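The values are calculated or read from the model by the stated rules, or taken from the named source; none is laboratory data. None of these values were measured; they are calculated from a predicted model. Heads up, the Cβs are rebuilt from the backbone with ideal geometry, glycines too, and the neighbour counts pull from every protein chain shown. Surface accessibility is based on the protein's heavy atoms, side chains included, excluding ligands, DNA and RNA. Shrake-Rupley method; radii C 1.70, N 1.55, O 1.52, S 1.80 Å.
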Amino acid sequence: MNTHLAQALKKILDRVVTNPIELITYEMDSSLERGKPDAVVFPRTTDQVSRVIRWASDNRLPIVARGAGTGRSGGAVPERGGIVIAFAQMNRLIELDRVGRSVVVEPGMVNSILDAQVKPAGLYYPPDPSSGRVATMGGNVAENAGGPHCFKYGVTTKYVTGLEIVLANGQIIQLGGRALDYPEYDFLGVVTGNEGTLGAITRIDARLVRVPPSIKTMTAAFDSIAQAGQAVSAVIATGLIPATLEMMDQQIMRHIEAFAHPGLPIDAGALLIVEMDGYPASLDPQISEIAEILRRNGARDLKIAQTEQERETLWFGRKSAGGAYPHFTVDSTVPRSRIAQALDAANRICEKHGVQVGHVFHAGDGNLHPSIMMEESNPQQVQAVLRAAREIMQEIVRYDGAITGEHGVGIEKREFMPLMYSPNELAAHWDLKQVFDPDNRMNPGKIFPREMPRANPIPPAPTMPGAVFTPTSAEEAAAGLAALSAAKQAVVIRGQPAAVGRKPALSGVEGSAVVLATANLRGILKYAPDDLYITAGAGTTLDEIQEFLAKDSRQVPLVSPWRDATLGGLVAANVNSPQRMLYGAVRDHLLCATVALADGRVIRAGRPVVKNVAGYDLPKLFVGSYGTLGLLADVTLKLMPLPRVQRTLAIPVDDLTRGLIWAEHLLPLAWVASALVVRKNEAGSAAPFVLAYTAEGIPEDVEAELAQVRATLERIGAAPPSPEAAPSGTALWRELIARAQPNAWHARIGIAPKDACAFVRANSARLAQGSFLLDVANGQITIVVEMNDPQRAQEALTELRRAARGVGGYAIVTAMPPEWNRVVERWGYHPETHALMRALKARWDPAGILEPRTFVV
């Protein structure tokens with residue numbers, strides 16, 4: 001068998017390992033799991049990966065993708081044999097885009113090496129798992145890696161904009177790309193964190209951010225973990241956002257001190273590491289404010305790293321925790337307010353089973369790592385540890401947490417999946433697996449339990465819903481949808497019954513369809529200020545939520561041009577404003593959702609925690625799905641503090657080309673910028689265009705950044721900013737859309753940020769037919785054109801689409817008069833994932849009743 005394998009595979013690529021001794025290295029990762037591969041191959045190109053996978057598929061062999069083997073859950077272990085594809089030789093930095101702040105890398109690129117290569121350009125890749133010194137980008141994406149700095153910056157999925165992957169049949173497809181918000185189901189978000197079960201990643205497009213201007217790192221000792229946890233909650237309540245909030249108990253400190261000697265206070269019950277970043281002028285006030293809060297909550301021995309060497313030594317010690325002592329890590333996440341309870345439960349359970357446990361974890365986002373001391377050579381101890389781990393998982397689920405926050409499910413936790421997910425939810429995950437890999441060739445045996453429970457959809461309602469269906473619960477909606485599916489009756493989803501036919505809804509079938517209105521699915525269901533999330537019915541308006549949160553100086557960092565826009569509508573349409581450059585997009589803020597599928601299933605996609613890699617990231621599939629996959633009954637969104645200050649510099653622009661050049665000079669300065677836009681002004685304005693730079697956050701940071709903006713404008717000979725108070729860049733975007741007349745059509749053009757200014761220069765005449773705004777940082781152009789001729793609108797769109805596709809972008813209609821549906825092509829885009837989209841819709845909406853002819857499916 002091995003000889004035949006080697007001969008066959010060497011016809012495809014030159015480096016093939018089949019020697020049993022050499023294969024031992026690839027039998028394991030950093031978990032307890034083991035498996036024997038039949039062969040290991042080392043491709044150099046995507047074509048070689050495709051040919052290997054096609055050959056394996058033809059020969060019914062499993063495929064396991066492998067990076068550096070640092071995973072902690074058995075994800076890279078070839079449990080069922082087959083071919084291991086090791087990506088060590090596909091490790092190039094293909095492109096470093098300084099203008100658009102992005103990179104294109106191969107999956108074998110090491111995380112820390114990428115960071116070192118982009119840092120001289122003043123750029124930074126934030127996800128920083130403890131294994132980052134050796135872990136690869138492909139592995140980071142496959143596990144949706146996190147790390148200490150993800151409390152402020154977010155996990156891997158926030159930074160990945162595009163993936164090239166090879167499917168189980170050898171087909172090469174592109175998910176996403178260099179632009180943002182492609183009109184397709186967000187399979188990009190699902191493959192990020194898929195643990196190699198959906199396809200093999202061969203190229204990664206990722207965003208970067210500016211290197212923090214300055215950093216200060218502080219440690220504080222406490223008498224106990226509980227005391228330190230109260231301090232963390234108090235810090236978060238101030239609205240300050242540390243880059244990191246890391247915690248460890250005495251037992252872990254002593255192990256780390258013996259291993260790495262970073263000088264930890266091993267007499268203390270707990271240690272908190274707080275890191276702040278920002279402009280130098282802001283750090284001292286922020287550190288002082290936090291230090292006072294910590295002291296009020298029992299902190300002692302507060303120390304600030306005085307040199308970069310001190311800081312690096314501290315972090316080396318923290319990131320060495322995984323290798324400082326023999327242990328089994330129970331990676332999990334709970335809402336922050338449940339940290340103390342979860343740790344107490346872990347301690348009780350471990351004491352009951354006669355094993356020792358220590359704690360080192362990401363306190364800011366509730367990502368716990370109970371570390372149970374264990375010697376693999378002691379089988380009785382191993383079994384006791386595994387029994388304790390299962391009971392800890394049961395407690396985590398009881399607190400509405402996730403059974404894994406960053407290490408993945410793999411083999412280790414697959415039997416825990418039914419603890420967290422209902423049969424319907426597990427079936428929804430399995431549907432996705434079947435869409436991508438119907439023969440179960442890609443990393444089989446991972447994520448899913450050996451015995452899958454049977455789904456139990458709600459039976460069809462005995463009475464068919466009428467012309468307007470306003471359910472009061474997800475269950476009622478599911479029963480109604482099941483009845484409508486049986487009758488093959490088309491359904492359109494609206495926030496209010498009266499919204500049918502109004503912008504921005506564009507289905508083209510409303511006259512014959514049942515209107516499913518979310519008017520009775522509204523109101524705040526849960527407000528968790530300590531855990532920084534809010535759950536509300538999908539029919540609740542964004543304005544209601546923002547007004548409610550403002551009293552606590554909180555916000556959902558989303559914006560709508562329409563005052564009556566509902567949360568469900570904004571998620572389904574993926575409405576993003578320029579402020580995403582600072583806060584992130586809808587997909588980054590949606591933690592979970594309750595969804596009624598058209599076949600009668602009710603699923604809860606996700607959980608109310610910021611780190612959850614248990615299975616696939618299902619919530620992202622509903623972002624930008626336009627109601628074609630299911631009805632959002634409620635949504636849970638992350639909260640952010642309202643900025644302490646917001647300022648905008650408005651620069652008058654007489655010549656568009658010069659204004660775009662000025663914008664390109666300003667983009668590298670963005671650190672606390674929430675908008676950088678160029679907008680065409682209304683007739684009669686002082687200048688034909690305006691360049692707006694908005695910064696918000698801590699006053700010292702805002703003033704420091706705007707001082708740099710002013711200095712840069714002066715240096716490049718730009719016009720001085722207007723002395724008058726100016727609306728923010730996001731307000732300019734909102735006003736452009738909100739003020740449009742009923743006969744106007746709106747379009748969104750998505751371009752790679754690096755190409756955005758050049759695109760506007762080259763297409764200025766086409767854009768001049770209406771009002772437009774360029775969101776420079778995000779590469780998006782909003783255009784509003786008032787005209788009465790749909791044929792002319794279609795011709796204009798055709799030209800813009802041809803230009804956008806030429807640079808890897810797209811142009812879609814976001815609103816137009818309803819009667820134009822049969823003339824104007826709304827999407828003008830055919831994603832490479834179209835067959836996958838249709839296959840998923842067929843599983844979740846088998847009768848095809850939801851929003852027919854609304855989206856690209």
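A Förster radius of 45 Å combined with the Cβ-Cβ distance from Thr3 to Glu415 puts the calculated FRET efficiency at roughly 0.75. Taking the DSSP bridge list for the chain and keeping only pairs wholly inside it, about 90 percent are antiparallel. Computed over the alpha-carbon pairs of the stretch 637-750, the distance histogram in 5 Å steps reads 2, 11, 20, 23, 19, 13, 8, 4, 1, 0 percent, short to long. Per residue, the stretch 546-683 exposes 27 Å² of solvent-accessible protein surface, assessed with a 1.4 angstrom probe and all protein chains in place.
Heavy-atom accessible area with a 1.4 Å probe sorts Lys413, Lys319, Lys841, largest first, into Lys319, Lys841, Lys413. Using alpha carbons only, the radius of gyration of the stretch 150-258 set against its Kirkwood radius gives Rg/Rh = 1.13.
Diffusion coefficient (Stokes-Einstein, Kirkwood radius over C-alpha pairs, 4 °C, 1.567 mPa s) for the stretch 691-827: 78 µm²/s, rounded to a whole number.
Heavy atoms only, probe 1.4 Å: what % of the accessible area of the stretch 578-679 goes to carbon and sulfur, would you let me know?
47
The order of Asp58, Asp543 by accessible area, most exposed first and with a 1.4 Å probe, is Asp58, Asp543.
Solvent-free Debye calculation, one equal scatterer per alpha-carbon of the chain: log10 I(q)/I(0) at 0.07 Å⁻¹ equals -0.53. With all protein chains kept in place, the per residue accessible area of the stretch 334-379 amounts to 38 square angstrom at a probe of 1.4 angstrom. For the stretch 331-388, a Kirkwood radius taken over Cα pairs fed into Stokes-Einstein (10 °C, viscosity 1.306 mPa s) yields D = 134 µm²/s. Each residue, Ala88 and Asn59, gets one label point 7 Å from its Cα in the Cβ direction; the gap between the two is 2.1 nm.
Along the positive direction of the dipole of the stretch 258-356 (beta-carbon charges: Lys, Arg +1; Asp, Glu -1; about the Cα centre), which of His353, Phe328, Ala281 reaches farthest? Ranked along the dipole, the leading option is His353. Our estimate of slack between Ala467 and Leu525, defined as 0.36 nm per intervening residue step minus the Cα-Cα distance, is 18.1 nm. For the chain, averaging the sequence separation of C-alpha pairs within contact (under 8 Å, six or more residues apart) and dividing by the residue count gives a relative contact order of 12 percent. When each of the peptides 93-99, 587-593 is scored by the mean number of other C-beta atoms lying within 10 Å of its residues, the order from highest to lowest reads 587-593, 93-99. Of the solvent-accessible surface of the stretch 1-147, computed with a 1.4 Å probe and all protein chains present, 49% belongs to carbon and sulfur.
Dipole check for the chain: with +1 at the C-beta of Lys and Arg, -1 at the C-beta of Asp and Glu, and the Cα centre as origin, the magnitude is about 1440 Debye.
Taking only alpha carbon atoms, the stretch 274-379 gives an Rg to Rh ratio of 1.04, where Rh is the Kirkwood radius. For the stretch 275-410, carbon and sulfur atoms together expose 46% of the accessible surface, with a 1.4 angstrom probe and every protein chain in place. In plain terms, the chain from Ala486 to Glu832 could stretch by 121.5 nm, reckoned as 0.36 nm per residue minus the Cα-Cα distance. Take every Cα pair under 8 Å whose residues are at least 6 apart in sequence, average their separation, divide by the length of the stretch 534-683, and the relative contact order is 30 percent.
Between Val559, Ala455, Val823, whose Cα lies farthest towards the positive end of the dipole of the chain when Lys and Arg beta carbons carry +1 and Asp and Glu beta carbons carry -1, centred on the Cα centre? Value computed over the given set: Val823.
By DSSP, what percent of the beta bridges with both residues in the stretch 1-92 are antiparallel, rounded to the nearest 5?
20
Within the shell defined by Cβ-Cβ distances under 14 Å, the residues around Leu591 carry a net charge of +3, with Lys and Arg each +1 and Asp and Glu each -1.
Using R0 = 45 Å, the C-beta based FRET efficiency linking Phe259 and Gln171 works out to 0.45. The charge dipole of the stretch 83-125, taken about its Cα centre with unit charges on the Cβ of Lys, Arg, Asp and Glu (plus for the first two, minus for the last two), comes to roughly 100 debye. Rg/Rh for the stretch 55-128 (Cα atoms only, Rh after Kirkwood) is 1.11. Annotation note: GluC sites (Glu not before Pro) in the stretch 708-789 located in DSSP loop regions with a Cβ neighbour count of at most 10 within 10 Å are Glu724. Computed over the chain, the per-residue total of -39500 (n - 2.57) for DSSP H runs of n ≥ 4 gives a 222 nm mean residue ellipticity of -9500 deg cm²/dmol, rounded to 500.
Highest-first packing order for the peptide set 454-462, 629-637, 395-403 is 629-637, 395-403, 454-462, based on the mean count of other beta carbon atoms within 10 Å.
Peptides 607-616, 802-811 ranked from most to least packed by the mean count of surrounding Cβ atoms within 10 Å: 607-616, 802-811. Here the stretch 377-416 is assigned +1 on the Cβ of each Lys and Arg and -1 on the Cβ of each Asp and Glu. Its dipole about the Cα centre then comes out at about 140 debye. For Arg554, the solvent-accessible surface with a 1.4 Å probe is about 20 Å², rounded to the nearest 10. Working from label points 7 Å from Cα in the Cα-to-Cβ sense, the Val823 to Asp267 distance is 8.3 nm.
Computed over the alpha-carbon pairs of the stretch 146-188, the distance histogram in 10 Å steps reads 25, 39, 29, 7 percent, short to long. Projecting the Cα positions of Val807, Ala704, Ala756 onto the charge dipole of the chain (unit charges on Cβ atoms of Lys, Arg, Asp and Glu, taken about the Cα centre) puts Val807 furthest along the positive direction. FRET efficiency for the pair Asn440 and Glu799, taken as 1/(1 + (r/R0)^6) with r the Cβ-Cβ distance and R0 = 51 Å, rounds to 0.65. Summed over the residues of the stretch 66-223 and divided among them, the accessible surface reaches 25 Å² per residue at a probe radius of 1.4 Å.
Full extension of the chain between Thr657 and Val382 gives 92.3 nm of extra length, using 0.36 nm per residue less the Cα-Cα distance.
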